[in-house]
Amino acid sequence: MEIYAVGTDIIEVERITAAIEKNNSFRERIYTLQEIEYCEKKSRGKYSAYAARFAAKEAVAKSLLEGFGKKISPSEIEVQTNKNGAPWIMLHGRTERYGRELGIGEIKISMSATENYAVAYAVSLK
């Protein structure tokens, strides 16, 4: 496999916290049900988990050389975790179709979050 492109993003946890608390539909427009369930189970760091996933979605879009729009939707980029807790990316819908058109076989993701910031780095592979 070869690298198609990379993407990175950093976001303030407070921005995501405010968006979720002030806008009833934000969470459902951005996150999948599985992501919401994962984040809501967190007794500590719930909003950091949401922010890390948001940063991951932005990083993935950048690694596809696009932003959110006609070809890529944040709710169609899903961050899942394996049994060891490592994150991996699953694309859905038109975002998945766009990735296939580009010849993307896999997207690697690395995420990290603190109380104040979340960061993600994505590598799209052909």
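The values are calculated or read from the model by the stated rules, or taken from the named source; none is laboratory data. Note that this is a predicted model, so its numbers are computed, not measured. Don't worry about glycine lacking a Cβ; one is built from the backbone with ideal geometry, like all the others, and counts go over all protein chains shown.
Values for this structure:
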quantity	calculated
Qualifying residue in region 77-88 (condition: modelled with pLDDT under 95 and of a type in the set (D, E, K, R))	yes
THR8 being of a type in the set (S, T, N, Q), within 13 Å of the chain's Cα centre (by Cα) and surrounded by 13 or more Cβ atoms within 10 Å (Cβ to Cβ)	yes
Residue match in region 55-64 (condition: more than 9 Å from the chain's Cα centre (by Cα) and over 17 Å from ALA120 (Cβ atoms))	no
Residues of region 70-107 that turn out to be under 21 Å from TYR50 (Cα atoms) and in contact with a helix residue (DSSP H, G or I) (Cβ under 9 Å, 6 or more places away or on another chain), as a count	17
Unmet requirement for GLY103, which otherwise passes all of (1) closer than 20 Å to THR32 by Cα; (2) surrounded by fewer than 13 Cβ atoms within 10 Å (Cβ to Cβ); (3) modelled with pLDDT of 95 or more	(1)
Residue match in region 86-105 (condition: touching a His at 6+ places or on another chain (Cβ under 8 Å), without any contact (Cβ under 8 Å) to a residue 24 or more places away in the chain and of a type outside the set (A, V, I, L, M))	no
Subset of region 19-58 (residues that are in contact (Cβ under 8 Å) with a residue 40 or more places away in the chain and either in contact with a Leu (Cβ under 9 Å, 6 or more places away or on another chain) or not in a helix (DSSP H, G or I) (or both))	TYR31, THR32, GLY45
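Yes or no, residue by residue, for (1) part of a strand (DSSP E or B); (2) closer than 27 Å to SER25 by Cβ; (3) not acidic (Asp, Glu):
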position	(1), (2), (3)
VAL60	no, yes, yes
SER75	no, yes, yes
MET90	yes, yes, yes
ILE107	yes, yes, yes
SER110	yes, no, yes
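For (1) in contact with a Phe, Trp or Tyr (Cβ under 8 Å, 6 or more places away or on another chain); (2) over 19 Å from ILE10 (Cα atoms); (3) of a type in the set (Asp, Glu); (4) surrounded by fewer than 21 Cβ atoms within 10 Å (Cβ to Cβ), each residue gets a yes or a no:
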| residue | (1), (2), (3), (4) |
| --- | --- |
| GLU21 | no, yes, yes, yes |
| ARG27 | yes, no, no, yes |
| TRP88 | no, no, no, yes |
| TYR121 | no, no, no, yes |
